[in-house]
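Structure record follows, encoded as structure tokens.
The values are calculated or read from the model by the stated rules, or taken from the named source; none is laboratory data. Computed from a predicted structure; not experimentally measured. Positions of Cβ are generated from backbone atoms using ideal geometry, with glycine treated the same way; all protein chains shown enter the neighbour counts.
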Amino acid sequence: MATEVDICNVALARLGDEATLTSIDPPEGSAQADHCARFYPICKDKILREYPWSFAVKRKTPAELLTEPLGGDEHAFMLPTDCLNLLSVHIPGESRSRCGLTEYTVENFQNARVIICREPSIWLRYVSDEVPSQAFPTDFCDALSWLLASYLAGPMIAGSSGATMAANYMKLYEEALGKAMQADARNNNRRSHARTVFMPDTDQDGGVYGFN
């Protein structure tokens, strides 16, 4: 399983660097470590936003605000702090075959992001940004390292050469990203098939498909 430092060293190696980092949090003191500490979180969030990665998707029942931002029959719920990309909002108790999706909006309220809808109780599916690098599949790590290399090329390689390399690495990232998406979709389809065949069809109230 790859660590953040492993991914950074792969990105540096693609730039022709010796790639001998030992720490980026905190940075070990080298220019390479400083650049990686700055760009790695940006790149990680960017690639996590690209797709509903199976290893990063969470389900959660959000807390309802005591003070509703709007009148009438609307309810407001706190968006989880680790929510990077909200995928869907569901009504508890609805079967998987009916999906249980509900309409909603996401707005700012009292310096926080909230979900506003007409349902008194909901649960969410979302991409979390609190995913340890050890959970990243190999194809995802490969794509992330290409993306990071494209960000590192500018500050580490002077002049037009750095800009050219950054553009080339971005293309390689896009190719690797497509492969990572396909691999994740295949694995997710296999898991979904196994659940359908061997497990009861329920996700209600924290059942077989339970959530926190």
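Within the stretch 117-156, track down each residue that is among the aliphatic types (A, V, I, L, M), part of a loop (DSSP other than H, G, I, E, B) and within 25 Å of Thr3 (Cβ to Cβ).
The initial filter retains those residues of the stretch 117-156 that are among the aliphatic types (A, V, I, L, M), namely 122, 124, 127, 131, 135, 143-144, 147-149, 152-153, 156.
With the extra rule that they be part of a loop (DSSP other than H, G, I, E, B), the set shrinks to 122, 131.
Passing the criteria: only Val131.
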Condition check for Thr105: at pLDDT below 95, assigned by the TED database to the domain that holds Leu86 and among the hydroxyl-bearing types (Ser, Thr, Tyr): yes
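Tell me which residues, restricted to the stretch 3-34, are part of a helix (DSSP H, G or I) and of a type in the set (S, T, N, Q).
Residues of the stretch 3-34 part of a helix (DSSP H, G or I): 4-14, 31-34.
Hits for the stretch 3-34 are Asn9, Gln32.
Within the stretch 49-65, identify whether any single residue is part of a loop (DSSP other than H, G, I, E, B) and without any contact (Cβ under 8 Å) to a residue 24 or more places away in the chain, and answer yes or no.
Taking the stretch 49-65 as the starting set, the residues that turn out to be part of a loop (DSSP other than H, G, I, E, B) are 50-56, 61-63, 65.
Add one more test, that the residue is without any contact (Cβ under 8 Å) to a residue 24 or more places away in the chain, and what stays is 63.
Taking every residue of the stretch 49-65 in turn, at least one turns out to be part of a loop (DSSP other than H, G, I, E, B) and without any contact (Cβ under 8 Å) to a residue 24 or more places away in the chain.
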Filter the stretch 103-116 down to the residues that are part of a loop (DSSP other than H, G, I, E, B) and of a type in the set (S, T, N, Q), then identify the one that is surrounded by the fewest Cβ atoms within 10 Å (Cβ to Cβ). Asn111
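When you look at Pro69, is it at pLDDT below 95 and either assigned by the TED database to the domain that holds Ser145 or within 16 Å of Gln110 (Cβ to Cβ) (or both), yes or no?
Criteria met by Pro69.
Do we have Tyr169 as assigned to a strand (DSSP E or B) and either in contact with a Phe, Trp or Tyr (Cβ under 6 Å, 6 or more places away or on another chain) or not polar (S, T, N, Q) (or both) here? Can you show your working first?
Details: assigned to a strand (DSSP E or B): no; either in contact with a Phe, Trp or Tyr (Cβ under 6 Å, 6 or more places away or on another chain) or not polar (S, T, N, Q) (or both): yes.
No, not satisfied.
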